[in-house]
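> Let me give you the structure first, and then I'll get to my questions.
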Amino acid sequence: MEKESNPKVSMEEIVSLCKRRGFIYPSCEIYGGFANSYSYGPYGAQLKKNIKDLWWNKFIESRRDMLGIDGPIILNPKVWEASGHTSGFNDAMVDCKECQSRYRADHLVLESTGEDLEGNLKGLNKALLEKKIKCPNCNKHNWAEARFVNMMFKTNVNGFEGDVFLRPETAGSIFVEFKAIIDSMRVRIPFGIGQIGKAFRNEIIARNFIFRLREFEQMEIEYFIHPEADWESIFNNWLESQEEFAAELGILKSEIRRYQHPKDKLSHYSKKTVDIEYDFPFGFSELYGLANRTDFDLSSHQKASGVELSYLDPITNERYIPHVIEPTFGLDRSILAALCSAYTIDEANDNRVVLKFPYKIAPIKIAIFPLLKNKEDIVKKALAVFDSLSKHFNCEFDDNGNIGKRYRRQDEIGTPFCVTIDFDTLEDNTVTVRDRDSMEQKRIAVDELIDFFSLNT
Ligand code: GAP
């Protein structure tokens, strides 16, 4: 099912649909919400799982050079000292002295002047003062001194002296298991280790719905290569694979672009970074990232732990510390981009709202309707069809409201097919199958449904 280019959806439309239709809710609303956090509802949780499964299948299960792990969120704090996060994982924060609103200083300056001063505290303080940047909340110009704050979440562990941290990126728990992997698995460089899991950042301001969260999920790969390998071509292949994955979520080529970080803006570990940016409702922003982390992490952990982290090639007997190419994918941003790309208003059909998800990520694949909920024979038959199809596809049984309303509801959650069981079904054992995008309806024999959906998905 090809999706055509679509007028841009607003964030309000997405947020409202997500809440109304059980994808994403503001968390703890009964207590007035909390810190811009969100819960994935039944359809959102299924969409998230489908995207994770697609990623895991594409990058781990289908490749001979990839392995998957599932590491802990709380690691030995020495990991973050060695990786540079304890000292360098900072954002610049600034407070308005008039109304006490708090901002990320570089975002404030960028939005007011177009100048990107991320990481340049002196430049930020100067710009706030000299460019007379106003507080977006009270419109006054009276700033406290901007200062760096570390973005890692602190916690403590019983029996352990001192602070420990929730991981700010999943990458950390991959690097520390590099030795365990090469000791226990039959791997030969080049190979990669992938992981899906939560990461935590004490963002100064969480905003733009699920785009910037304090608790989010990443799908990351550390791809280990020979230090003298042709890393540029490996890097470009990964960039293409990341774009391919975006396409599998239903994202159009025209909705993404590449952004290469200038040398002076690179993270402390990176030799080259390219972001894949998506055209979100608030403009182009980072969806995925790709970095050449060189041997920074393995060398730092080797030095800090005193444990040898080199690799011995079993054929050439060469020993070396591998370099690393890191493709990283934000899961929540993937969900937001997939929702925005799928969102369609069908003007030719009463402005119905349709989420044109690719089949693989649609939370529900087939909805099953008894025409009338008070006709026992029809309901019994519909339940039998549900029981049979749900062994093969993720299905939903819906007997609420008239058929037109049920179609609209399923369109809004992106269900590719609806099946209606009616009076004719009782006579000839056929049902109506309705296609989400074309709205075309076909009569199909119940016994042929599994084959039909297997062929058409
Ligand atoms: N290991 C490299 C790394 O963590 P990053 O660019 O800081 O790099 C990777 O993060 C991805 O994680 C981003 O491309 C983005 O999709 C996602 N991400 C980062 N911060 C986020 C946040 N506060 N909320 C939601 N997703 C976030």
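The values are calculated or read from the model by the stated rules, or taken from the named source; none is laboratory data. These figures come from a predicted structure and were not determined experimentally. Backbone-built Cβ (ideal geometry, glycine too); neighbour counts: all protein chains shown.
> crowded, with 19+ Cβ neighbours inside 10 Å and either at pLDDT 95 or above or more than 16 Å from the ligand (Cβ to nearest atom) (or both), is that true of residue 221? Quick ask: steps written out before the conclusion?
On the way: crowded, with 19+ Cβ neighbours inside 10 Å: yes; either at pLDDT 95 or above or more than 16 Å from the ligand (Cβ to nearest atom) (or both): yes.
Considered against the rule, which asks whether it is crowded, with 19+ Cβ neighbours inside 10 Å and either at pLDDT 95 or above or more than 16 Å from the ligand (Cβ to nearest atom) (or both), residue 221 comes out as yes.
> Further, regarding this structure: When you scan the stretch 288-381 for strands (runs of 3 or more DSSP E) that lie fully inside it, which ones turn up with 1 or more residues that are hydroxyl-bearing (Ser, Thr, Tyr) and more than 16 Å from the ligand (Cβ to nearest atom)?
Numbers: elements: 323-330, 343-346, 352-355, 366-370.
Here the list reads 343-346.
> Follow-up. In this structure, does residue 245 turn out to be within 15 Å of the ligand (Cβ to nearest atom), more than 17 Å from the chain's Cα centre (by Cα), outside any loop (DSSP other than H, G, I, E, B) and not small (Gly, Ala, Ser)?
no
> Which residues, taken from the stretch 63-87, are more than 24 Å from residue 148 (Cα to Cα) and among the charged types (D, E, K, R)?
63, 64, 65, 70
> While we're looking at this one, here's another question. Against the definition (more than 30 Å from residue 180 (Cβ to Cβ), surrounded by fewer than 15 Cβ atoms within 10 Å (Cβ to Cβ) and at pLDDT 95 or above), how does residue 49 come out, yes or no?
no
> State which residue is farthest from residue 234 (Cα to Cα) when the search covers only the stretch 333-360 and only residues that are surrounded by fewer than 21 Cβ atoms within 10 Å (Cβ to Cβ) and within 19 Å of the chain's Cα centre (by Cα).
The qualifying residue farthest from residue 234 (Cα to Cα) is 359.
> From the list 255, 215, which residue is within 12 Å of the ligand (Cβ to nearest atom), surrounded by 15 or more Cβ atoms within 10 Å (Cβ to Cβ) and among the acidic types (Asp, Glu)?
215
> So residue 9 passes all but one of these: (1) more than 26 Å from residue 394 (Cα to Cα); (2) not basic (Lys, Arg); (3) not in a loop (DSSP other than H, G, I, E, B). Which condition number does it fail?
That leaves (3) as the condition not met.
> Any idea which residue in the stretch 264-279 is farthest from the ligand (Cβ to nearest atom), counting only those that are out of contact with any strand residue (DSSP E or B) (no Cβ under 8 Å at 6 or more places or on another chain) and over 24 Å from residue 226 (Cβ atoms)?
Ranking the qualifying residues of the stretch 264-279, first place goes to 264.
> Identify, from the list 179, 198, the residue that is charged (D, E, K, R), modelled with pLDDT of 95 or more and away from the ligand (no atom under 16 Å from the Cβ).
Exactly one residue qualifies, and that residue is 179.
> Next question. Condition (residue is touching a Ser or Thr at 6+ places or on another chain (Cβ under 8 Å), surrounded by 12 or more Cβ atoms within 10 Å (Cβ to Cβ) and of a type in the set (A, V, I, L, M)) applied to the stretch 21-41: is it met by at least one residue?
yes
> Additional query: Cβ-Cβ distance below 8 Å, separation of 6 or more or different chains: which pairs start in the stretch 90-104 with a residue that is over 11 Å from residue 144 (Cβ atoms) and surrounded by 15 or more Cβ atoms within 10 Å (Cβ to Cβ) and end on one that is of a type in the set (Phe, Trp, Tyr) and at pLDDT 95 or above?
90/148; 91/148; 92/148
> Something else: How about the stretch 384-422: which of its residues are of a type in the set (Ser, Thr, Tyr) and assigned to a strand (DSSP E or B)?
420
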